[in-house]
């Protein structure tokens with residue numbers, strides 16, 4: 001071998017050694033030095049971790065009936081990589097979902113996974129079952145949140161978002177406890193990019209959320225919303241609010257807001273029972289009356305003289321809604337809701353004492369209920385009161401409160417003088433139903449003595465038996481309560497608007513040992529607007545209907561059903577609804593136990609059949625005909641024999657001004673006389689005398 005060939009051979013050997021050395025170095029780098037890193041990358045390409053969502057805890061009412069539950073619903077999805085026949089997949093989606101499903105398919109055709117619909121409707125389920133699933137199209141079972149009461153309890157129970165997070169109400173406040181703890185699972189990816197769960201997959205099982213037992217009564221909630229909707233429709237109110245509670249524990253039985261045809265701005269979805277503030281009007285007199293009794297400033301039989309329903313309080317005049325000249329005891333002033341008397345009672349109590357009791361009863365501070373969005377209301381410090389503030393605050397003006405604050409104040413009077421913290425949740429329980437956290441009853445403080453509580457409850461009982469709240473009475477259960485009729489302030493906050501009222505009633509039953517306390521608030525009812533006329537009957541109807549279901553704290557006596565059946569056979573007098581607006585006529589007839597059939601499109605009733613005063617059976621239909629002009633033979637109604645309040649309500653319904661009221665008791669004389677023609681702007685004078693025995 002020549003020297004040249006030998007050099008060439010050595011060069012080739014060196015090049016070979018360098019080549020194989022580089023390969024060996026690379027192998028060492030991969031197998032030894034980079035083993036851990038490359039192993040992680042390989043596993044990352046072959047495996048993926050998916051989140052396993054926990055089952056959300058359920059929400060129950062006080063009887064363990066579901067208010068929020070979980071169900072499995074069908075979801076249609078597509079994996080484009082697995083589709084074999086695009087036309088077949090498109091035909092299936094069009095038949096099952098419709099054009100919207102095809103749009104989603106086209107928009108997501110480049111994705112690995114396309115959700116066509118998150119919840120299949122019953123109609124779509126039927127379409128799915130009629131045909132076979134094309135390759136690449138999947139129907140998966142996924143969890144969904146359902147609410148048996150739906151909109152009836154939405155402001156209280158709340159709702160969860162698409163990501164499973166609580167957005168409103170109880171769902172929001174207890175979101176952490178209800179949500180649970182998520183898990184995860186390892187999936188293996190094949191060469192086509194499809195993922196599979198294999199036996200060696202690692203899984204961390206999710207922990208389900210705890211379930212919540214609330215104080216809500218599902219029957220009471222349904223009844224409350226039903227009756228509140230009827231009241232809003234009947235009165236033409238912008239909205240209605242109601243809340244019922246157990247005065248001894250603070251447990252909230254039911255809470256609802258119902259919107260009318262023209263609801264307040266921004267009211268949709270908001271729990272206005274805790275979020276809205278209003279001037280409570282005469283229902284706030286509870287505070288003044290209790291303060292006067294507790295501080296021994298006045299006794300129940302102390303009297304005040306009122307002349308023509310008004311009084312000069314030093315620079316301004318206070319008026320009563322019923323302009324009578326008479327003496328009122330504190331008891332009568334409460335039952336008949338005399339503004340003049342209570343303004344004077346408040347002046348005797350004094351600003352500092354009144355303010356102290358307002359704070360004791362919880363006004364101007366949140367109740368701390370476990371619901372989001374609660375406001376505090378407002379009562380200014382006496383240092384910021386004007387010369388007339390003491391008198392006007394005493395009748396529920398210049399002060400704002402939430403409906404829940406008013407309810408809890410009355411609960412304190414109902415239970416013997418203890419202010420309770422309202423309770424919406426009683427316990428959290430695990431999957432086995434075992435309690436893991438309890439929410440105990442909380443007594444905030446004593447605000448009045450049991451003696452003052454009992455005395456003022458007797459005042460409230462008189463209000464229902466012979467005062468402004470007679471429409472709240474039940475024949476089988478003694479009711480106590482207080483009416484409220486407050487003018488609404490102007491939008492600009494200066495003065496009060498004409499014809500705009502908030503009508504309310506707070507009631508408790510049974511009156512001598514209350515087991516429930518309820519508040520009804522109607523915002524701007526049309527026509528009749530007194531709380532005793534429009535709000536008190538709603539409380540009565542809610543309690544009566546709830547009692548017939550047999551689960552509430554107030555039970556309907558068995559004998560009542562027999563008595564009611566017998567009363568239906570008795571004849572009743574048909575009330576005179578001529579010249580009334582349609583809704584008011586319907587309300588008056590239903591209050592008398594009759595139904596109403598309305599004909600025509602006018603503003604007021606011109607003709608009714610049967611005629612006023614005729615005898616009819618309870619439940620009979622009274623036909624009324626509306627006309628923009630009253631019938632020529634209709635004149636002033638006969639007010640003789642009516643109470644003063646009934647007479648004033650009748651004249652108010654006919655848009656007749658009150659020319660003067662003389663005396664007290666029942667109406668014995670009127671001017672113009674019965675039957676006289678009613679002219680625009682005309683007034684009517686009334687003379688009253690005590691009822692003869």
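Quick notes on this structure:
- Number of residues in the range 204-251 that are closer than 30 Å to residue 181 by Cβ and touching a helix residue (DSSP H, G or I) at 6+ places or on another chain (Cβ under 8 Å): the value is 6.
- Extreme residue, farthest from residue 294 (Cα to Cα), among residues of the range 479-495 that are in contact with a strand residue (DSSP E or B) (Cβ under 9 Å, 6 or more places away or on another chain) and surrounded by fewer than 21 Cβ atoms within 10 Å (Cβ to Cβ): 491
One line per residue, one yes/no per condition, for (1) buried (at least 22 other Cβ atoms within 10 Å of the Cβ); (2) in contact (Cβ under 8 Å) with a residue 40 or more places away in the chain:
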residue	(1), (2)
386	no, no
399	yes, yes
409	yes, yes
420	yes, yes
442	no, yes
445	no, yes
452	no, yes
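- Listed conditions (1) modelled with pLDDT of 95 or more; (2) surrounded by fewer than 17 Cβ atoms within 10 Å (Cβ to Cβ); (3) at negative phi are all met by residue 261, apart from (1).
- Single residue of the range 302-316 satisfying the filter (in contact with a helix residue (DSSP H, G or I) (Cβ under 6 Å, 6 or more places away or on another chain) and either under 13 Å from residue 339 (Cβ atoms) or surrounded by 20 or more Cβ atoms within 10 Å (Cβ to Cβ) (or both)) that is modelled with the lowest pLDDT: 313
Results for (1) within 26 Å of residue 367 (Cβ to Cβ); (2) part of a helix (DSSP H, G or I); (3) in contact with a helix residue (DSSP H, G or I) (Cβ under 7 Å, 6 or more places away or on another chain), shown as yes or no for each residue.
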{"site": "457", "(1), (2), (3)": "yes, yes, yes"}
{"site": "468", "(1), (2), (3)": "no, no, yes"}
{"site": "471", "(1), (2), (3)": "no, yes, yes"}
{"site": "482", "(1), (2), (3)": "yes, no, yes"}
{"site": "499", "(1), (2), (3)": "no, no, no"}
{"site": "506", "(1), (2), (3)": "yes, no, yes"}
{"site": "520", "(1), (2), (3)": "yes, no, yes"}
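- When residues of the range 51-71 are limited to those that are over 30 Å from residue 552 (Cα atoms) and surrounded by 12 or more Cβ atoms within 10 Å (Cβ to Cβ), the one modelled with the lowest pLDDT: 52
- Counted as qualifying within the range 94-209 are the helices (runs of 4 or more DSSP H) with 2 or more residues that are modelled with pLDDT of 85 or more, outside the structural domain of residue 81 (by TED's automatic domain parsing) and closer than 30 Å to residue 258 by Cβ, namely 154-157, 169-173, 175-179.
- Within the range 411-438, tally of residues that are in a loop (DSSP other than H, G, I, E, B), touching a strand residue (DSSP E or B) at 6+ places or on another chain (Cβ under 7 Å) and under 24 Å from residue 366 (Cα atoms): 4
- For the range 439-450, residues that are touching a strand residue (DSSP E or B) at 6+ places or on another chain (Cβ under 8 Å) and closer than 25 Å to residue 349 by Cβ total 4.
- Check on residue 390, more than 21 Å from residue 314 (Cα to Cα) and either buried (at least 21 other Cβ atoms within 10 Å of the Cβ) or assigned by TED's automatic domain parsing to the domain that holds residue 311 (or both): no
- For the range 317-333, the set of residues classified as surrounded by fewer than 17 Cβ atoms within 10 Å (Cβ to Cβ) and assigned to a loop (DSSP other than H, G, I, E, B) consists of 321, 325, listed by residue number.
- Scope the range 1-49; condition loosely packed, with under 10 Cβ neighbours inside 10 Å, at pLDDT below 75 and part of a loop (DSSP other than H, G, I, E, B); matching residues: 1
- Residue count for the range 462-478 under the criterion of being under 26 Å from the mean Cα position of the chain (by Cα), more than 13 Å from residue 554 (Cβ to Cβ) and surrounded by fewer than 23 Cβ atoms within 10 Å (Cβ to Cβ): the result is 3.
- Of the residues making up the range 356-371, not a single one is touching a strand residue (DSSP E or B) at 6+ places or on another chain (Cβ under 9 Å), at pLDDT 95 or above and farther than 22 Å from residue 421 by Cβ.
- When the range 135-168 is filtered for residues that are touching a strand residue (DSSP E or B) at 6+ places or on another chain (Cβ under 9 Å) and over 24 Å from residue 61 (Cα atoms), the ones remaining, listed by number, are 136, 137, 138, 139, 140, 141, 142.
The values are calculated or read from the model by the stated rules, or taken from the named source; none is laboratory data. Keep in mind that what you see is a predicted model, and the values were worked out from it rather than measured. Note that each Cβ is placed from the backbone with ideal geometry, even for glycine, and that neighbours are counted across all protein chains shown.
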